[in-house]
1. Which entries of K196/K229; K88/K219; K126/K211 show an alpha-carbon separation above 21 angstrom in the structure shown?
2. Tell me, M209, M224 in order of fewest to most beta-carbon neighbours within 10 Å?
3. Using 0.36 nm per residue, how much length does the chain from V304 to F343 gain when fully extended, once their Cα-Cα distance is taken away?
4. May I have the pair-distance distribution P(r) for the stretch 179-332, computed from all Cα-Cα distances with 5 Å bins from 0 and rounded to whole percent?
5. Measure off 7 Å from each Cα along the Cα-to-Cβ vector at V372 and A384, then give the distance between these two points in nanometres to one decimal.
6. Sort S140, S243 so that the residue with the fewest other Cβ atoms within 10 Å of its own Cβ comes first and the one with the most comes last.
7. Consider a paramagnetic label point 7 Å from the Cα of V208 along Cα→Cβ; state which residues of the stretch 233-255 have an amide N under 15 Å from it.
8. Take D161, D31 and order them by how many other Cβ atoms sit within 10 Å, fewest up front.
Amino acid sequence: MKSISKVAIMSSLLALAGQAAAAPTVEELWDIIQKQQKEIEQLKKEQSKTDATLKITEEKVEATADAVEQVATGSSLSGSKAGSWAEKTTIGGYGEHHYNNFNGGKNDSVDAHRYVLYVGHEYSDKVRFFSEWELEHGLSGDGQPGEVELEQAFIEWDYADKHSFVVGQYLIPVGFLNEIHEPDTFYGVERNLIEKNIIPTTWWETGVMFKGDIAPGVKYEFAMHSGLKMDGGDKVRSGRQKSAKATANDFAYTGRVSYTGVPGLNLAAAVQYQEDVLQNNEGDSASAVLTVLNASYEKSIFSVRALWAEWNIDNDAWETNERDVQNGWFVEPSIKPLDDLGFFVRYSNYNNEAGENPDVSDQRSVFYDVGVNYWLTERVVFKADYQAAHEDNPDSDNYDSFNLGVGWSF
């Protein structure tokens, strides 16, 4: 009995085990597959999000690395543009301070005579801009002794090899100092009296100019520009309009030829013509011609400069007071025994009333200058000179003077 019972029990257990191990139905398998598919799709979505996040992270890392490199090298995009602009833009200028001690009744003076700022820009290798601003005598405005002036503002275009075209406001090409007058480039605390009173420097106008080389060592400049405006009988210096709402009923024409074909030698001749310096639309007129000849020569430690200039004005008002002819000249030898030390003497002779009216006394002025320049660096100079005045005009207010100055350019 016991054996039969054991057999029965074992049979029952085997039957249950067989049923448990029986294969699942088709429906059960389909359910399993669907569940697995959903799990796979979910895993794919999560993997896709992970890949996207990883890509964004990599891009941020690369961008950060680029930014760090640009900061380190100064080559960011905006920095590159700024760098390019800065490389093509130039800033310069000059300044000078003077002390003048006069013999006689004239007051001594200290003067922040000039402070000048240049700004230029290269648009291309053929097109450029240049400007020059100046503050004279320290202060400007009502009741002040100085002025703020725009001296130059022009575009220059190299339209052909060794030939260029200038349009805008520029310095008139005459003499030594009208175009190049940085204090470290000339002797004496003050600029020479001939170029100041006869040419008259500094003198700028608005117009067009062609310039260039026509042969080795030979240069030309030809300009058409705004002109002087004077009342009858004025001195020439008073006629500068400085392109400040300038009357332009009559233009002027200036031409210069210069020669530098021999080492150390510079020769130049300039002529200007204006049909009417009165700038009248109708009625009385006054034609004017300026002629300037200048020469300089340097040899070893020696150099010499000389200049002659004359205005001829055709009008009765100028003839009456002898101002139909205004002229002058100077000669200036110098010696520079050291690279940073130079000595000079200058003889100057000018007359703003050099006409031939017998009823007017001679107004000629003669000056003798002697002085020294010491260049602290190539572009910083200390100056000292003594100027002795000898005048045929007893009413003149010119006096002997001792002068000190410091000047610089950059």
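1. Values: K196/K229 18 Å; K88/K219 27 Å; K126/K211 14 Å.
Distance filter (> 21 Å) returns K88/K219.
2. Details: M209 22, M224 15.
With the fewest neighbours first, M209, M224 line up as M224, M209.
3. On the way: separation 39, 0.36 × 39 = 14.04 nm, distance 1.15 nm.
Result for the pair: 12.9 nm of gain on full extension.
4. Values per bin, smallest distances first: 2, 8, 16, 20, 19, 15, 10, 6, 3, 1, 0, 0.
5. Those two pseudo-labels are separated by 0.5 nm.
6. Numbers: S140 13, S243 21.
Least to most surrounded, the residues fall as S140, S243.
7. Inside the label zone: 251-254.
8. Working: D161 7, D31 12.
So the residues, fewest neighbours to most, are D161, D31.
We did not get these values from a lab; they are worked out from the coordinates using the rules stated. Worth saying up front: this structure is predicted, and the values here are computed from it rather than measured. We place every Cβ from the backbone using ideal geometry, glycine too, and count neighbours over all the protein chains shown.
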